[in-house]
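First up is the structure itself, then whatever we jot down about it.
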Amino acid sequence: MDHEMLILKIPSVAAELVIERGDASGLRCENVFLPNECSPLNFSSSNVERLKSGLEEYVLKHRNSLNNKCDSCFCSREKLKISSGVASSMESHRSPGLIVEAVIAISELPESLCFRSSGNKTEVLHFKDFSPSSVSIASLNALTSIDWRSYGLTLVSAVDQVDHALIEWESLPPYLHIDMVIHCYHKQYPGKYKYQPDRHLIKKGVKLALDDLKEKHTGLLLSAHAVKICSYAPDLASSIAGIILSSNDLKFRSKCSTLLELSQSQAIGKQTVEDRIKEKIISVIETNDRKPEKIKEAAPFLFEDDRPQDLDPADLYLEEHAGGGNVFSFPD
Amino acid sequence: MDDLSKSSMKFFSDQQLCFADILLPHEVQARIQVAVLNFLKILSSPDPEISDLPLINRKSSNSRVSEGILTDVSWIFLSHSFCSRSLMKANATKAFIRVWKVMEMCFEFLTQEKRVTQRELFYKLLCDSPHYFSSQLQVNRTIQDVVALLRCSRYSLGIMASSKGLVAGRILLQEPNQEAVDCSACGSSGYAISGDLNLLESLIMKTDARYIVVVEKHAIFQRLAEDHVFNQIPSILLTAKGYPDIATRFLLHRMSRAFPDLPILALVDWNPAGLAILSTYKFGSIGMGLEAYRYACNVKWLGLRGDDLQLIPQQSLAPLKPRDLQIARSLISSTTLQDNYRQELAVMMQSGQRAEIEALYSNGYDYLGKYLAKKIVQANYI
């Protein structure tokens, strides 16, 4: 609990602890007043900023099992991507003034000795009114009702493990770890206010955090659909580059170079052109994947690969007579 | 379609007509280049997208019939309804990329001034991109997509029609600067119809025949040619060895224009596939609707027909296969089928049976020639 409590990073709570433990061993005070190496917070930082900073440290210190950030695992800033979402209930809501803060951290780590691999699992830590809390049914429902596939994730289960919710994912990339924290409170805290956790608000908070991550980091949390389409980008780029480079029309090639922001030098090879086109295609796919109205996976559509639509007698004849391997049995 | 068609009154259908241009290689390349430039422009624009490919819809819903008022020829054509191929639609991504791959390959061939057959193109694509092309059918369909995208004929893309058809009989065919070929002296194998439409266009034709007989099957064509049936009744025999290919249709059409007084008679099996073949010569097809409309001819149905069944033994009738029924359904829904053809089709369906022309051999091997002659002389064709 201590380890988790640190995530909230509430200076006022830390002060209380010190007063109570006036004659405690220095060690505890030291823990409380440990300078924040990872990201400086000033006193006026918002709650969610603190929460974010807290989770960041928690992850960097391998769930606060270390005193300092683990440099071997997190050798560069890029290894940890973190974002937050805040949802608050409207005045018209049956429980106005509720706030849900969600922070998500994604770390890309190789298998390392110092880190106990959590495999395909994420512990979702919960706080209520600035204290660690148990997991509510509303929270579990919120987590299971999110469309994870649009973030490239598949949720297998979300279970209550008393002090946290445990999410199991289907096949995360082996180096990827997800940490999450959800904090619900009333804006009038520390005023006494009774309320029920709100499933919709929690869902909204988590989604905002996910969308924020996607927005800030191109290519992260790509939907399964986008990942699949991206895999075709090299072949498409190759075809288009092929046409450009086999043309004898210099004006055409020059226009293409301009559009692709390549130099006008004649010596540009196919690989350069192909790579540029591929970059642009992937970039468009990734950008469009972030937009709310994404193209959903189509239901059986007119242009499925192998299904004939209108029956063309030519095709039926072909199928019937092609068996003989006779070149001349192909019509047209 | 020339003189006669031009003089017939076609007001509204012309506006609806969508067709593939017959272009020179550099013109086709220019169209492909435009497609690339447009794609790159949209890809690099401030609001970038991966553009879809708009194709003329090759479905019966986009097909229309032109009924010539002053001519006997009706033909199917396609109108301006579009559908699109998109990279982003799941299950359709590969089809989208296939169109680009075929365009790339055609572009290269056009630069090298080469012509290829669909079969050669299939093998080349199979080697280059095995992940995308697995059958000849897929290649053929993708080629039609490219035709529908660029609106140029398949031949303009550098793809030769297959050399499938044969001609025999009382006609002289002369390629420029070559000796004339007498098709009545070609033996049972006949004169092979080239897949090169330019060459077919340049053929000089002379005939003293009174009829043109289009035969569905190679074996029947061979039998008739061997027996010199075309001398007994002065005629020209033509076959595409099954479903008509563009080159055979092209040549038949040329003959019908050059020799407009010669009735064109079809000899097909008594089954829906046979009728489908006849309809294709007669009206064109939807599959190649952007081009095929040019080559429709006024073909009449000589045989086998329902009233010929009395000439063949009962045991030579076979049950209709599921594929036959599929074809029949497709024919019934077609707007071009005339009433008497519909009736024949109805009899086929009701009886659930089919019969091949070869069944006539039960009356003797020379019976076929006699059958043909009798029917022609009696003008027993519809």
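The values are calculated or read from the model by the stated rules, or taken from the named source; none is laboratory data. Please read all numbers here as calculations on a predicted model, not as lab measurements. So basically every Cβ, Gly included, is an ideal-geometry build from the backbone, and we count neighbours across all protein chains shown.
Remarks
- Filtered residue count, region B:258-315, keeping only those that are β-branched (Val, Ile, Thr), assigned to a helix (DSSP H, G or I) and in contact with a Lys or Arg (Cβ under 6 Å, 6 or more places away or on another chain): 0
- Test: residue in region B:66-73 that is within 20 Å of B:Tyr281 (Cα to Cα) and either assigned to a strand (DSSP E or B) or without any contact (Cβ under 8 Å) to a residue 60 or more places away in the chain (or both): yes
- Some residue of region A:207-220 being over 19 Å from A:Leu55 (Cβ atoms) and in a strand (DSSP E or B): no
- Among the residues examined, B:Trp301 qualifies as aromatic (Phe, Trp, Tyr) and surrounded by fewer than 23 Cβ atoms within 10 Å (Cβ to Cβ).
- Residue count for region B:352-369 under the criterion of being assigned to a helix (DSSP H, G or I) and over 29 Å from the mean Cα position of the chain (by Cα): the result is 3.
- Meets criteria (in a loop (DSSP other than H, G, I, E, B), modelled with pLDDT of 80 or more, in contact with a strand residue (DSSP E or B) (Cβ under 8 Å, 6 or more places away or on another chain) and not hydroxyl-bearing (Ser, Thr, Tyr)) for B:Arg58: yes
- Screening B:Ala247, B:Ala273, B:Ala266, B:Ala225 for residues that are out of contact with any strand residue (DSSP E or B) (no Cβ under 6 Å at 6 or more places or on another chain), among the aliphatic types (A, V, I, L, M), under 21 Å from B:Leu304 (Cα atoms) and surrounded by 22 or more Cβ atoms within 10 Å (Cβ to Cβ) leaves exactly one candidate, B:Ala273.
- Picking from residues in region B:103-120 that are among the aliphatic types (A, V, I, L, M) and in contact with a strand residue (DSSP E or B) (Cβ under 9 Å, 6 or more places away or on another chain), the one that is nearest to the other protein chains (Cβ to nearest Cβ) is B:Met105.
- Residue list for region A:229-239, filter: crowded, with 21+ Cβ neighbours inside 10 Å and either farther than 13 Å from A:Thr272 by Cβ or more than 9 Å from chain B (Cβ to nearest Cβ) (or both): A:Ile229, A:Ala233, A:Leu236, A:Ala237, A:Ser239
Results for (1) surrounded by fewer than 18 Cβ atoms within 10 Å (Cβ to Cβ); (2) modelled with pLDDT of 75 or more; (3) touching an Asp or Glu at 6+ places or on another chain (Cβ under 6 Å), shown as yes or no for each residue.
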residue: A:Met5; (1), (2), (3): no, no, no
residue: A:Ala24; (1), (2), (3): yes, no, no
residue: A:Glu49; (1), (2), (3): yes, yes, no
residue: A:Asn68; (1), (2), (3): yes, yes, no
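- Residue tally, condition among the basic types (Lys, Arg) and facing another protein chain (nearest Cβ under 7 Å), over region A:240-288: 2
- Restricting B:Ser66, B:Ser5 to residues that are at pLDDT below 90, within 21 Å of B:Leu337 (Cβ to Cβ) and away from chain A (no Cβ under 11 Å) narrows the list to B:Ser66.
- B:Tyr361 being on the phi < 0 side of the Ramachandran plot and loosely packed, with under 13 Cβ neighbours inside 10 Å: no
- Within region B:20-45, residues that are within 16 Å of A:Ser247 (Cβ to Cβ) and within 9 Å of chain A (Cβ to nearest Cβ) reach partners that are part of a helix (DSSP H, G or I) and of a type in the set (D, E, K, R) with beta carbons closer than 7 Å, at six or more positions or on different chains, in the pairs B:Leu37/A:Lys255.
- One residue alone among B:Tyr123, B:Tyr155 is farther than 20 Å from B:Phe19 by Cβ, among the aromatic types (Phe, Trp, Tyr), out of contact with any Gly (no Cβ under 8 Å at 6 or more places or on another chain) and more than 10 Å from chain A (Cβ to nearest Cβ), and that residue is B:Tyr123.
- Boolean, B:Ala346 is in a helix (DSSP H, G or I), among the small types (Gly, Ala, Ser) and within 14 Å of chain A (Cβ to nearest Cβ): no
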